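Laboratory data are not the source of any read-out in this text; all were calculated from the coordinates shown. Everything numeric in this text was worked out from a predicted model, so none of it was measured. Because the Cβ atoms are built from the backbone with ideal geometry, glycine has one as well, and the counts that use them run over all protein chains shown.
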Amino acid sequence: MSPSDAPPNAKPKRVAVMISGRGSNLGALISASMASGYPCRIVGVVSDNADAAGLQLAADYDIDAKVVERKDHNSREAHEDAIQTIFDDWQPDIVCLAGYMRLLSGTFVARWMGSMINIHPSLLPSFTGLDTHQRVLAHQVTLHGCSVHFVTEGMDEGPLIAQAAVPVLPNDDADRLAARVLKAEHRLYPSALRLVAEGKVRITDSGTVLFRDFPEPDESAALYSHPVEDA
Ligand code: GAR
């Protein structure tokens, strides 16, 4: 079923976004959610950093935003409990990590398994972690990009939903490359979230990702993926 023939009265999925900084992917998700027919509504933003620029973006769009800093809590568990309490109030269907730079515990991850997704600036499983653009240049690889995946316990390790590739060009520096990847991120994340929200992709108990009614890959959007027919 394509977005255009989704039931007109389908209720938009409630999405909470977790950030730590700039919030440009948050901005891309907000823009997408404002388009008619997009199957999600951003119900709130949680930041673990009171100085995150993304908080202002949430305010600009009248989206509820909460700061939950790690230093205000005695343990990772207490910090995540505080976030979960906010989620209990917002009742999100899906949680999007958008530059949330903190590893989540197994308990929190298990609570949201299959409903929590993350974007990472590399073609996973290559280049997990930080400074991906610098490392890509140091390794002289010719193809770089970004990935959206279901969140599991390991860092940047969960099963892939979609990836977008960009070339590494001669004379690129980390900033130029990062800007090219970020542009792809801003297209990829709303597309991947749409797939999850429309129930077109899901993770099985064994961690396999299954697609259904997968749309033809849109080359102009540089969206690449590996659909598996649902049985
Ligand atoms: C993005 O490039 C995102 O992929 C990355 O942080 C940046 C956040 O930018 N996330 C990770 O590295 C997660 N491992 P933004 O705040 O402008 O969206």
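To the nearest 20 debye, what is the magnitude of the charge dipole of the chain about its Cα centre, counting +1 on the Cβ of each Lys and Arg and -1 on the Cβ of each Asp and Glu?
180
List the equivalent ellipsoid semi-axes of region 90-161 in whole Å, largest first, each obtained as the square root of 5λ for an eigenvalue λ of the Cα gyration tensor.
Whole-Å semi-axes of the equivalent ellipsoid: 25, 11, 10.
For a quick check, take a GNM of the chain with Cα springs below 10 Å and name the residue from G44, G106, G27 with the largest mean-square fluctuation.
Result for the chain, Cα springs under 10 Å: G106 fluctuates most.
Counting DSSP beta bridges with both partners in the chain, what percentage is antiparallel, nearest 5?
So the antiparallel bridges in the chain amount to around 45 percent.
Sorted by average packing, counted as other Cβ atoms within 10 angstrom per residue and highest first, what order do 121-129, 62-70 take?
Going by the mean number of other Cβ atoms within 10 Å, highest first, we get 121-129, 62-70.
Magnitude of the Cβ-charge dipole of region 15-79, K/R +1 and D/E -1, about the Cα centre, nearest 20 debye?
160
Pairs of alpha-carbon atoms within less than 8 angstrom and 6+ residues apart define the contacts here; what relative contact order does region 1-134 have, in percent?
26
Over the chain, what relative contact order in percent results from Cα pairs under 8 Å that are six or more residues apart?
Values: 434 pairs, mean separation 39.4, N = 231.
After rounding, I find 17 percent.
Hey, what D do you get for the chain in µm²/s if you plug the Kirkwood alpha-carbon radius into Stokes-Einstein at 20 °C and 1.002 mPa s?
119
Using mean Cβ contacts within 10 Å as the protection proxy, how do 162-170, 71-79, 18-26 order, highest first? Let's see the in-between values first.
On the way: 162-170: 17.2, 71-79: 12.6, 18-26: 22.1.
Ranking the peptides 162-170, 71-79, 18-26 by packing returns 18-26, 162-170, 71-79.
Roughly what would the spin-label model give for D173 and M34, points 7 Å off Cα along C-beta, in nm?
Inter-label distance under the simple model: 3.3 nm.
By Kyte-Doolittle mean hydropathy of at least 0.0 and Cα axial length of at least 20 Å, which whole DSSP H helices of the chain are selected?
Span-like helices, by this rule, are 174-197.
Taking 0.36 nm per intervening residue step and subtracting the Cα-Cα distance, what contour gain separates R135 from A50 on full extension?
Additional length available on full extension: 27.7 nm.
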